[in-house]
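Trainee: After the structure tokens below, expect a handful of questions from me.
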Amino acid sequence: MPPSSDVLFINFGEEINKIKSISDEVIYHPVKYKELFGIGASDDLKASFKIVKNTDKVVNENELKAGVITAINEFFAIENWEFGDTFYFTELSAYVMTQLAPNLAAFVIVPTQDSLTFGSLFEVKSEADEVFISSATVDNIEVVTTLTATKLKSQGAIVSKTQDISASEAVSSNSSLNLGTSSSSNSSSSNQSSGSSSSNSGGSGY
């Protein structure tokens, strides 16, 4: 439960009044985090990440999982986001694939709620008083050998704020959806440095 405007004024008003101009008016408005993926997220925003390691490399699965979580946390660093931003999974997948190259071959997101299916979390909008934060842990990461329709929950309809399409259509158009594979991330890596990229979601560079 976010603090009320009165509580914010009591806690911060005295110090802020010391530095603000006489003509300035400070409005105290409570805001909140919009948690994604992990145990703290709402059921419709909980997810697991399916990853495929590069078989040409000797990779420890636990280290790979930890690396993915580190990249996700970097992507969702508070300085990268503004209130009311939109999260696009394609941006996250491009960043994670770039950071974990060449050890990671594929990276996809699958909602855990039974009523949702593959593609439902490709785009998430935050409200004007919300800012994104990831609560994903290594428990949300699953290493798989291949990406099958069953693993992707590619049955039923994709629930989206923009459109509804069948999950089978989404799986058959992997290239346009940018699932986060080594081939799809190559073009993104040319536009990103290892630690920064520009985001179309409205946040700062990653």
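Trainee: Lys and Arg at +1, Asp and Glu at -1: add these up for the other residues within a Cβ distance under 13 Å of Pro102 and post the number.
Mentor: +1
Trainee: What GluC sites (Glu not before Pro) does the stretch 9-68 have in DSSP loop regions with at most 13 other beta carbons within 10 Å? All intermediate terms of the calculation are to be shown ahead of the outcome.
Mentor: Working: sites: Glu14, Glu15, Glu25, Glu35, Glu61, Glu63; in loops: Glu25.
Of the GluC sites (Glu not before Pro), the ones in loops of the stretch 9-68 whose Cβ has at most 13 other Cβ atoms within 10 Å are Glu25.
Trainee: Put +1 on the Cβ of every Lys and Arg and -1 on every Asp and Glu Cβ in the stretch 1-133; which of Leu45, Ala101, His29 then has its Cα farthest towards the positive end of the dipole?
Mentor: Ala101
Trainee: Less than 15 Å Cβ to Cβ from Phe9, Lys/Arg counted +1 and Asp/Glu -1: what total charge do the surrounding residues give?
Mentor: -3
Trainee: Can you list which of the GluC sites (Glu not before Pro) found in the stretch 75-129 are DSSP loop residues with at most 11 other C-beta atoms within 10 Å? Kindly include the intermediate steps, with their values, before the conclusion.
Mentor: Details: sites: Glu79, Glu82, Glu91, Glu123, Glu127; in loops: Glu82, Glu127.
Here the GluC sites (Glu not before Pro) that fit, given the DSSP loop and packing criteria, are Glu127.
Trainee: With the crude spin-label approximation of a point 7 Å out along Cα→Cβ, what separation in nm comes out for Asp6 versus Val58?
Mentor: Rounded to a tenth, the inter-label distance reads 6.6 nm.
Trainee: Could I ask something else about it? What spacing in nm lies between the two simple spin-label points modelled at Asn73 and Tyr88, each 7 Å away from Cα in the Cβ direction?
Mentor: Simple spin-label model gives 2.7 nm for this pair.
Trainee: Here's another thing I want to ask about it. Would you mind checking the pairs Lys32/Lys125; Lys50/Lys125; Lys32/Lys65 and listing those with alpha carbons more than 18 angstrom apart?
Mentor: Exceeds cut-off: Lys50/Lys125; Lys32/Lys65.
Read-outs: derived from the displayed coordinates by stated rules, not from any lab. The model shown is predicted, which means the values in this text are computed figures rather than measured ones. Heads up, the Cβs are rebuilt from the backbone with ideal geometry, glycines too, and the neighbour counts pull from every protein chain shown.
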